[in-house]
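Chemist: Quick one: the structure is below, and I'll ask about it shortly.
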Amino acid sequence: MEIKYNIEKLEISNWFRKLGDLYYERFGEDDREKEDTSGRKENVNILSPGRVNIIGEHTDYNMGLSITSAIDKYIFISGYKNRKDYVEVFSKYLNDSNKFLIDDIEFKKNVFWVNYIKGVLKEYIQKGHKIGGFNMVIDSSLPIGAGVSSSASLEVGVAKLIEELFNLKVSKRETVELSNSAENNFVGVNCGFMDQFSVAYGKKDYVIFLNFKDLSYEYIPFNLEDNLILIINSKEERNLANTEYNKRRKECSEAVQFISSIIKSKDIVSLSDINSDQLCELENKMPEKLFKRARHVVTENNRVLLAKEYLLKGDIEKLGRILFESHNSLKYDYEVSTDKLDYLVSQLSEIKGVYGARLMGAGFGGSIISIVRKDKIGNISDTLGARFLEKFNNTPDFIECLPSDGTRRVRVNDL
Ligand code: GLA
């Protein structure tokens, strides 16, 4: 384990050294030497992870529960103040650049990825934080658009970068809130807190048990022993993800209103306030679609509680089984799955060495999460890859990962 961690440190420092060179190529030496005659000052380097959600899907905006984790796949950000009135960014991963004025931040559809950066800056500025111009270069070992929260990773990463560059006094919880507002208010996705929270609060070797009612949380040791988390990216574009996502949120609010008119209680403000007995009574008393949405949320919260119990006992087999159950609920009750995601999960249920699998994130394409035995990875990816290729004429990507620490500043020379 220690050896793996050292290799990871070496890899991280290599990514940042390359990014530092790239920064120098694009932006040249700025005037930072004038401040510091002892040599060139290191850029501010930020390492921001992606996230996996072990279980608890579409529960965050329903004030429910989930068990999530940051992962050891990252967005790397390297930046420095430019003493100008603009921000200039270059993404190596996308091979695209952009420049915009700090006091004229506008949403631009054609360079979508920059909106995540702009949104964060706007939220900080609106809160009264003083931010000047800066340059930054970014790269990624995290697949973009695969349902592993590259957007939250970028948002929290940029938030951390400006906090460090401009000495802003902001708590971790505020960083999460401001990054989340950027996505809701500027980018236009009405997402809950799960992604930004997991990215910011991740802890190596632990998963986070999160209650979205008050954002209280608990770290649970995630002792995978001979197993690991295998993300399988279907590479199916998540075209419907934003519109259908916002639609699901609306349906959940409608369901709450409906239920409150049946069960007259002030205590029911979200679907997570309903218990299993109340749910049974509601069947046939409300529109079927709304009932199914409610059933997913109530049963998913119950599964999260069970998962916590299994994790604490180290019972990976039982944990895996409820991952499959979660998938069925997302497929039949929440209706956010696709043929490709269903195919991946059902094939995995037949392959040796797989404990469980389910679609992960918003759904409508993207990735699934599975928990598998390390020594079976080769066989799993060969078998599944070949079957998927035959059926859909495309091969999925397989990404092994482990729980990691949350977004942080890295001083390359200290690694
Ligand atoms: C997306 C959103 C999250 C969460 C998941 C579904 O990833 O950004 O807030 O709602 O979907 O669980």
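Chemist: Filter the stretch 164-186 down to residues that are part of a helix (DSSP H, G or I) and more than 15 Å from the ligand (Cβ to nearest atom) and give me whichever is farthest from the chain's Cα centre (by Cα).
Modeler: Filtering the stretch 164-186 for residues that are part of a helix (DSSP H, G or I) and more than 15 Å from the ligand (Cβ to nearest atom), the one farthest from the chain's Cα centre (by Cα) comes out as 165.
Chemist: To continue, here is another question. If we keep just the residues of the stretch 136-163 that are assigned to a helix (DSSP H, G or I) and charged (D, E, K, R), which is farthest from residue 50 (Cα to Cα)?
Modeler: Ranking the candidates gives 163 first.
Chemist: Still on this structure, I have one more. Do we have any residue at all in the stretch 355-362 that's surrounded by fewer than 20 Cβ atoms within 10 Å (Cβ to Cβ) and without any contact (Cβ under 8 Å) to a residue 12 or more places away in the chain? Break it down stepwise before answering.
Modeler: Residues of the stretch 355-362 surrounded by fewer than 20 Cβ atoms within 10 Å (Cβ to Cβ): 355.
Applying the additional criterion that residues be without any contact (Cβ under 8 Å) to a residue 12 or more places away in the chain yields none.
No.
Chemist: So, one more: Need a quick list: strands (runs of 3 or more DSSP E) entirely within the stretch 25-98 having at least 2 residues that are among the aliphatic types (A, V, I, L, M), under 30 Å from residue 271 (Cβ atoms) and at pLDDT 95 or above. So that I can check it myself, show each step before the final result.
Modeler: Values: elements: 44-55, 65-81, 86-91.
Result: 44-55, 65-81.
Chemist: I would also like to ask the following. Residue 189 passes all but one of (1) within 14 Å of the ligand (Cβ to nearest atom); (2) closer than 26 Å to residue 308 by Cα; (3) out of contact with any strand residue (DSSP E or B) (no Cβ under 8 Å at 6 or more places or on another chain); which number fails?
Modeler: (2)
Chemist: Sticking with this structure for a sec: Is it the case, given these coordinates, that residue 247 is surrounded by fewer than 19 Cβ atoms within 10 Å (Cβ to Cβ), among the charged types (D, E, K, R) and not in a helix (DSSP H, G or I)?
Modeler: Details: surrounded by fewer than 19 Cβ atoms within 10 Å (Cβ to Cβ): yes; among the charged types (D, E, K, R): yes; not in a helix (DSSP H, G or I): no.
So residue 247 fails the test.
Chemist: Can I ask one more? If I ask for residues that are of a type in the set (D, E, K, R), crowded, with 21+ Cβ neighbours inside 10 Å and in contact (Cβ under 8 Å) with a residue 40 or more places away in the chain, which ones from the stretch 154-186 would you list?
Modeler: Here is the first cut: in the stretch 154-186, the residues of a type in the set (D, E, K, R) are 155, 160, 163-164, 169, 172-174, 177, 183.
So of that shortlist, the ones also crowded, with 21+ Cβ neighbours inside 10 Å come out as 155, 160, 163, 183.
If the condition is that a residue be of a type in the set (D, E, K, R), crowded, with 21+ Cβ neighbours inside 10 Å and in contact (Cβ under 8 Å) with a residue 40 or more places away in the chain, then 155, 160, 183 are the ones that fit.
Chemist: Could you check residue 267 against (1) among the charged types (D, E, K, R); (2) modelled with pLDDT of 95 or more; (3) surrounded by fewer than 18 Cβ atoms within 10 Å (Cβ to Cβ); (4) farther than 14 Å from residue 60 by Cβ and say which number it fails?
Modeler: The failed condition is (2).
Chemist: Looking at the stretch 56-69, I want the residues that are free of Cβ contacts under 8 Å to residues at least 24 places away in the same chain and have a partner that is more than 9 Å from the ligand (Cβ to nearest atom) and assigned to a loop (DSSP other than H, G, I, E, B) with Cβ atoms under 7 Å, at least 6 apart or on another chain. Which pairs are those?
Modeler: none
Chemist: Regarding the stretch 130-137, can at least one residue be identified that is away from the ligand (no atom under 16 Å from the Cβ), in contact (Cβ under 8 Å) with a residue 40 or more places away in the chain, aromatic (Phe, Trp, Tyr) and under 25 Å from residue 245 (Cβ atoms)?
Modeler: Taking the stretch 130-137 as the starting set, the residues that turn out to be away from the ligand (no atom under 16 Å from the Cβ) are 130-137.
Next, only the ones that are in contact (Cβ under 8 Å) with a residue 40 or more places away in the chain stay: 132-137.
Next cut, aromatic (Phe, Trp, Tyr) only: 134.
Then keep just the ones that are under 25 Å from residue 245 (Cβ atoms); that gives none.
No, the stretch 130-137 has no match at all.
Yes or no, residue by residue, for (1) under 21 Å from the mean Cα position of the chain (by Cα); (2) farther than 20 Å from residue 142 by Cα:
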residue: 335; (1), (2): yes, yes
residue: 350; (1), (2): no, yes
residue: 356; (1), (2): yes, yes
residue: 362; (1), (2): yes, no
residue: 370; (1), (2): yes, no
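Chemist: Only one of these conditions is not met by residue 235: (1) of a type in the set (Lys, Arg); (2) under 30 Å from residue 392 (Cβ atoms); (3) in a helix (DSSP H, G or I). Which number is it?
Modeler: Against the list (1) of a type in the set (Lys, Arg); (2) under 30 Å from residue 392 (Cβ atoms); (3) in a helix (DSSP H, G or I), residue 235 comes up short only on (3).
Chemist: Okay, moving on. For the stretch 206-223, enumerate the residues that are closer than 23 Å to residue 357 by Cα and surrounded by fewer than 16 Cβ atoms within 10 Å (Cβ to Cβ). Give the derivation first.
Modeler: Our first condition is that a residue be closer than 23 Å to residue 357 by Cα; within the stretch 206-223, this holds for 206-211, 219-223.
Residues satisfying the conditions are 219, 221, 223.
The values are calculated or read from the model by the stated rules, or taken from the named source; none is laboratory data. Bear in mind the structure is a predicted one, so any value in this text is a computation, not a measurement. Because the Cβ atoms are built from the backbone with ideal geometry, glycine has one as well, and the counts that use them run over all protein chains shown.
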